[in-house]
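A quick write-up on the structure given underneath.
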Amino acid sequence: MNLELSEEQTAVRQLAKDFVDREIAPHVVEWDRAEEVDRSLVKKLGEVGFLGLTVDEEYGGSGGDHLAYCLVTEELGRGDSSVRGIVSVSLGLVAKTIAHWGSEEQKRQWLPGLTSGTQVGCFGLTEPGTGSDAGHLTTRAVRDGDDYVINGTKMFITNGTWADVVLLFARSTDAPGHRGVSAFLVPADTPGLTRHTVHGKLGLRGQATAELVLEDVRVPASTMLAPEGKGFSVAMSALAKGRMSVAAGCVGIGQAALDAAVTYATQREQFGKTIAHHQLVQELISDIAVDVDAARLLTWRVADLVDRGLPFATESSKAKLFASEAAVRAANNALQVFGGYGYIDEYPAGKLLRDARVMTLYEGTSQIQKLVIGRALTGVSAF
Ligand code: FAD
């Protein structure tokens with residue numbers, strides 16, 4: 001693997017840095033306090049091409065490889081994890097999954113809107129009773145003539161109240177466990193689908209997280225994505241790439257923690273000198289730096305494998321596991337460097353820690369990543 005970025009990758013990274021510094025950084029505290037990112041940002045993300053990365057230009061995408069996608073995702077994570085999550089879900093989990101599994105008609109129906117930012121997608125897998133054990137989800141899709149009628153509840157759905165389309169997973173046959181699950185592309189304005197904002201989150205406060213309730217939601221059979229019974233494969237393939245995107249976002253959190261800690265440590269004085277002179281503060285900073293570098297290299301390795309068409313799922317779990325735990329450590333170490341000022345939201349460390357904390361929980365908890373990695377190494381499934 002060549003660790004030197006190409007001209008295109010360097011340019012897209014700079015574009016993302018400039019975008020974050022101009023369009024996101026000035027608003028981060030305000031959006032966090034208001035519990036809402038300014039929705040007009042989605043259109044801007046589309047215009048600059050960040051919602052179409054790796055998607056073919058014929059469907060409105062902006063092309064590029066997965067390393068470029070990770071570079072942009074890292075920068076967005078450095079700026080605001082709430083914004084990074086909007087892109088990771090609408091592009092990473094929804095548009096890219098449609099691009100991979102969709103029929104020609106489904107691609108033409110949804111990809112131009114999602115990649116341009118005129119539409120938003122969400123990923124409806126988790127339910128109140130099934131999180132880690134997603135294969136036993138209970139949302140039901142019953143065939144009725146040329147339609148399916150869907151009933152159930154989805155929980156913690158990122159972009160849920162903003163979305164135009166829900167990539168929804170529901171049980172459509174009596175086959176046991178994950179074999180009975182199918183995927184559907186449900187327009188969010190379909191009668192019977194209601195959305196309720198989840199308030200009071202520890203972090204990612206600017207993000208529109210929702211509970212989705214489906215009561216006799218009727219959709220044509222043509223909304224099924226991939227063959228019947230393949231829904232769990234669709235979900236797992238989306239999450240394998242999604243974990244790379246979460247890992248890249250975590251690298252961004254770590255980089256933001258590092259930048260903030262270095263700046264503060266070289267300005268704040270105690271005992272007659274800047275706190276950077278105190279070796280134990282240097283230890284905090286060097287611990288952050290090593291975590292960030294290691295997480296970035298693990299993430300880039302996944303992107304390289306994806307771009308070369310090689311198996312990547314286990315490496316993606318390793319990157320997500322390490323990068324998410326590292327982001328929590330990095331943000332916590334940065335908060336320590338800030339002392340008492342780290343505890344109030346005018347300074348960045350507290351928000352970085354709050355935002356980092358969910359990374360070890362969603363798209364598979366750290367425990368689930370360990371089971372995935374352990375299964376790959378031993379051939380024994382603990383699920
Ligand atoms: P549980 O599965 O109940 O787990 C509880 C604890 O038990 C965890 O520590 C877990 O690691 C542990 N555990 C469970 N099973 C095992 C096992 N076999 N071995 C060892 N330990 C185990 N979901 C979506 O579908 N779409 C989204 O867009 C989305 N966005 C989210 C955004 C936010 C802010 C949050 C908080 C969640 C989001 N989720 C989303 C849901 C997320 O993926 C789940 O919360 C996650 O998968 C964990 O499920 P759970 O919360 O039900 O925890």
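The values are calculated or read from the model by the stated rules, or taken from the named source; none is laboratory data. The shown structure was predicted, so the numbers you read here are calculated from the model rather than taken from an experiment. So basically every Cβ, Gly included, is an ideal-geometry build from the backbone, and we count neighbours across all protein chains shown. Ligands, DNA and RNA are excluded from the accessible area calculation, which covers all protein heavy atoms including side chains. Shrake-Rupley method; radii C 1.70, N 1.55, O 1.52, S 1.80 Å.
For a protection proxy built on the mean count of beta-carbon atoms within 10 angstrom, sort 277-289, 319-331, 174-186 highest first, please.
Going from most to least packed, we get 319-331, 174-186, 277-289.
With the radius of gyration and the Kirkwood radius both derived from the Cα set of the chain, what is their ratio Rg to Rh?
0.98
³J(HN,Hα) across segment 85-99 via Karplus (A = 6.51, B = -1.76, C = 1.60, θ = phi - 60°), whole Hz, x for Gly/Pro?
Running phi through 6.51 cos²θ - 1.76 cosθ + 1.60 with θ = phi - 60° gives x, 4, 6, 4, 7, 5, 8, x, 8, 9, 4, 5, 6, 5, 4 Hz.
Expressed as a whole percentage, what fraction of the accessible surface of the chain belongs to carbon and sulfur atoms when a 1.4 Å probe is rolled over the protein heavy atoms?
Carbon with sulfur: 53 percent of the solvent-accessible area.
How would you order 74-87, 31-44 from highest to lowest mean count of nearby Cβ atoms within 10 Å? The partial results should precede the final answer.
Values: 74-87: 28.3, 31-44: 16.3.
Order by mean packing, descending: 74-87, 31-44.
Output the pairs from LYS43/LYS318; LYS230/LYS370; LYS17/LYS230; LYS96/LYS318 with a Cα-Cα distance over 27 Å in this structure; if there are none, say none.
LYS43/LYS318; LYS17/LYS230
With Cβ to Cβ distances under 13 Å as the rule, what net charge do the other residues near ALA240 carry (K, R +1; D, E -1)?
The answer is +3.
Suppose all protein chains stay in the model; what accessible area per residue would a 1.4 Å probe give for segment 7-120, in Å²?
Normalised by residue count, the accessible surface of segment 7-120 is 39 Å².
With just the Cα atoms defining each centre, how far is segment 94-171 from segment 305-383? Give it in Å.
Taking the Cα centre of each part, segment 94-171 and segment 305-383 sit 25 Å apart.
Non-local amide H neighbours of GLY63 (under 5 Å, H modeled in plane, Pro and chain starts lacking H): which ones?
Here the answer is THR54, VAL55, GLU57, since their amide H atoms fall under 5 Å of that of GLY63.
Where does the chain land at 222 nm, in deg cm²/dmol rounded to the nearest 500, when only DSSP H runs of n ≥ 4 count, each adding -39500 (n - 2.57), divided by all residues? Walk me through the intermediate numbers first.
On the way: 12 runs with 180 residues, N = 383.
After summing the helix terms and dividing by residue count, I get -15500 deg cm²/dmol.
Taking H placed 1.01 Å from N in the peptide plane, check which residues at least 5 places from ARG218 or on another chain put their amide H under 5 Å from its amide H.
Hits under the 5 Å cutoff: ILE150.
Can you list the HN-Hα couplings for segment 143-154, worked out from phi with the Karplus curve (6.51, -1.76, 1.60; θ = phi - 60°), rounded to whole Hz and with x for Gly and Pro?
Karplus-based 3J(HN,Hα) across segment 143-154 equals 5, 9, x, 8, 10, 10, 10, 10, 9, x, 9, 10 Hz.
Modelling each spin label as a point 7 Å along the Cα-to-Cβ direction, I'd like the GLN267/SER286 distance in nm, to one decimal.
Taking the simple label geometry, GLN267 and SER286 are separated by 2.5 nm.
Report the residues of segment 1-32 in range of a label on LEU310: point 7 Å along Cα→C-beta, backbone N strictly under 11 Å from it.
Within reach of a label on LEU310: 1-2.
Residues with beta-carbon under 13 Å from that of GLY342, excluding GLY342: net charge, scoring Lys, Arg +1 and Asp, Glu -1?
Charge balance near GLY342 sits at +1.
Through the Karplus equation 6.51 cos²θ - 1.76 cosθ + 1.60, θ set to phi - 60°, convert the phi angles of segment 56-62 into ³J(HN,Hα) values in whole Hz; use x for Gly and Pro.
Residue by residue, segment 56-62 yields 4, 4, 5, 9, x, x, 10 Hz.
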